[in-house]
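Following: one structure in structure tokens, then a few remarks.
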Amino acid sequence: MPTIRRLPEHLVNRIAAGEVVERPASALKELVENAVDAGATQVTVRLASGGLDLIEVTDDGCGMVPEQIALALERHATSKLPDEHIELVSSLGFRGEALPSIGSVARLTIESRPHDSAEGWKRVVDHGVIAADAPAALPPGTRVRVEDLFGKVPARRKFLRSARSEYAACQDVVRRLAMARPDIGFVLEHDARRVIAVQPREELASRVARLVARELAEDGVLIEAERGTARLTGVAGLPTYNRGVADHQYLFVNGRPVKDRLLVGAVRGAYSDMLARDRHAVLALFLELPPEEVDVNVHPAKTEVRFRDPSFIRGFLVGALRHALESSGQRSAQPAAAAAMGMWQVEPVVPAPEPAPALGSLFAREYSAGSRGDYRSISQARVSEAGAVWRSYEEEVMAQPSGRAEAVSEEADEALQYPLGVARGQVAGTYIVAEAQDGLVIVDQHAAHERLVLERLKAGGAEGAMTRSQALLLPEVVELEEAACDALEEKSGDLAKFGLTLERFGPGAMLVRAIPSVLGKSDVHALVRDIADDLAKNGDALLLGEKLDLVLATMACHGSVRAGRSLSVAEMNALLREMERTPRSGQCNHGRPTWVKLAHNDIEKLFGRK
């Protein structure tokens, strides 16, 4: 029979340390949270070699007397849990402050001085052994140093990553905590280089833009929503401002940074019909709930939480995000327009080989295709001919009735008052060029119409517009795999609300009787196959409404104006006006911008006027 024995104290501490001190970033998180809970208004963090050699956290909080320092280094001792109601904890942490766990696997130095004390005190614990206990000179507050992490635990040390990787994790910890508390100033230094420096008492939107991405100040929308006892604030990036990975999504519950599957899923659902499948939103969301509505003790490091009513939380987040994004109107992130300025080709300026002709007009020179930058004078006859054409044009314009000219002028002036301006032409059968009061607007006609069709489909379903379907003269039979037919048959009632009528037609086929009228002449077979693929790919990972949003996005893509189709001026202007009336028309269903703008200043720079 195996022997049961008590483990030594130092081994118990190392086992406990393994729960909360996985890497330098874990220790740093605990120390900064302690500083925040101590009432600090300024927190300074110094790192060396990514935290492998040194982690130092200094704050101006309440400080501790010698007896409190000694007690804080004992296991399961805390100042953050005044009674036995563990579910009502409102601080960032209480789990023995993690100090004894850190002290068992590193050299830990704590120096602290209360504001009403004339001197401070220092205690040093070297891998579980008290090495020093003496007075210390420091300003009011607390300074904690962690050196040689896992120095005497080589089995743990060798599993740590490189100094650069560990530094990146530490930087993420400071960034998240600094966003959670804009009322506190934070400084992060790594190897004597200042990386983060934010001032206390900063506005939330400004703090988030400073720490996440400065573009959020222009390409983000503010979130302010309340429902019952829940409150949501933060900044959400426009769908056109997205990333290829989800590492720029910062989620907080009651001021605590978390990585929760429910919240991540709610964000994905809110952006479901505005982003491509492989793109991710950029945002920082702060959810506030009564403590009894959320359990923060489901993970040792408190990075995960559990909600009492998860469906309410998910619905609240999705609704608040969608409402805020819809209020952004036709806004679109415009970094592409600025970057495109550098793509314009500027012809080299080559001195003329001979004096310019007497007639100084654009007809006086002609570009020679033989070599770039080579110009030659044209004959006097060509100049005279060009001048005659120009005079003829002037006479024709002047001969028009003044009333007609004024009417055209007033019509153009009125059109220029629209945000997206008035259409002036079409390029490559794909892009609409419009003139607005503040610049030149270029619209991707397929992407824009795709968004408009999607919004019509969604509005039609919301209104229960069952009659907005177009019956097929001869029903189409679409052959699919049996599993795909099962999924379509299951959702046939929901699809019928949007005008797509399907029936089962044997084990491996579906019969299409009607399609949404807004889709016009669509490839029915391709449409049904794409919808089946959408349902199969997402499975049970999404809620029904989110699945239908993806299906509608597929339907809208099939029913939109294709690139390469020639549009009349009236059609182009009608598209622009509908974009101005439609929410979220600044991005297509895949998160790409539907329009970009070149401001007058940018155009003038192209021609060297500025």
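The values are calculated or read from the model by the stated rules, or taken from the named source; none is laboratory data. Everything numeric in this text was worked out from a predicted model, so none of it was measured. Cβ coordinates were reconstructed from backbone atoms using ideal geometry, including for glycine residues, and neighbour counts include every protein chain displayed.
Just a yes or no: is a residue in region 323-345 surrounded by fewer than 22 Cβ atoms within 10 Å (Cβ to Cβ), at pLDDT below 90 and more than 30 Å from Tyr418 (Cβ to Cβ)? Among the residues of region 323-345, at least one is surrounded by fewer than 22 Cβ atoms within 10 Å (Cβ to Cβ), at pLDDT below 90 and more than 30 Å from Tyr418 (Cβ to Cβ), which makes the answer yes.
Give the residue, chosen from Ala213, Ala217, Ala168, Ala131, that is in the same structural domain as Leu28 (by TED's automatic domain parsing) and farther than 17 Å from Arg107 by Cα.
Values: Ala213 fails: in the same structural domain as Leu28 (by TED's automatic domain parsing); Ala217 fails: in the same structural domain as Leu28 (by TED's automatic domain parsing); Ala131 fails: farther than 17 Å from Arg107 by Cα.
The conditions single out Ala168.
A count restricted to region 590-610 and to residues that are surrounded by 11 or more Cβ atoms within 10 Å (Cβ to Cβ) and either out of contact with any strand residue (DSSP E or B) (no Cβ under 9 Å at 6 or more places or on another chain) or of a type in the set (Asp, Glu) (or both) stands at 4. Those strands (runs of 3 or more DSSP E) of region 156-252 in which at least 3 residues are modelled with pLDDT of 90 or more and surrounded by fewer than 17 Cβ atoms within 10 Å (Cβ to Cβ), considering only elements entirely within it, cover 193-198, 220-227.
Conditions tested, residue by residue: (1) without any contact (Cβ under 8 Å) to a residue 24 or more places away in the chain; (2) of a type outside the set (Ser, Thr, Tyr); (3) under 21 Å from Ala320 (Cα atoms).
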position: Pro200; (1), (2), (3): no, yes, no
position: Ala217; (1), (2), (3): yes, yes, yes
position: Ala225; (1), (2), (3): no, yes, yes
position: Thr229; (1), (2), (3): no, no, yes
position: Leu238; (1), (2), (3): no, yes, yes
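The set of residues from region 116-150 being surrounded by 14 or more Cβ atoms within 10 Å (Cβ to Cβ) and within 41 Å of the chain's Cα centre (by Cα) comprises Pro140, Gly141, Thr142, Arg143, Val144, Arg145, Val146, Glu147, Asp148, Leu149, Phe150. Report yes if Asp273 is touching a residue at least 12 places away in the same chain (Cβ under 8 Å), within 30 Å of Arg143 (Cα to Cα) and part of a loop (DSSP other than H, G, I, E, B), otherwise no. No. Hey, any hits in region 36-55 for a residue that's surrounded by fewer than 16 Cβ atoms within 10 Å (Cβ to Cβ) and more than 32 Å from the chain's Cα centre (by Cα)? Within region 36-55, not a single residue is surrounded by fewer than 16 Cβ atoms within 10 Å (Cβ to Cβ) and more than 32 Å from the chain's Cα centre (by Cα).
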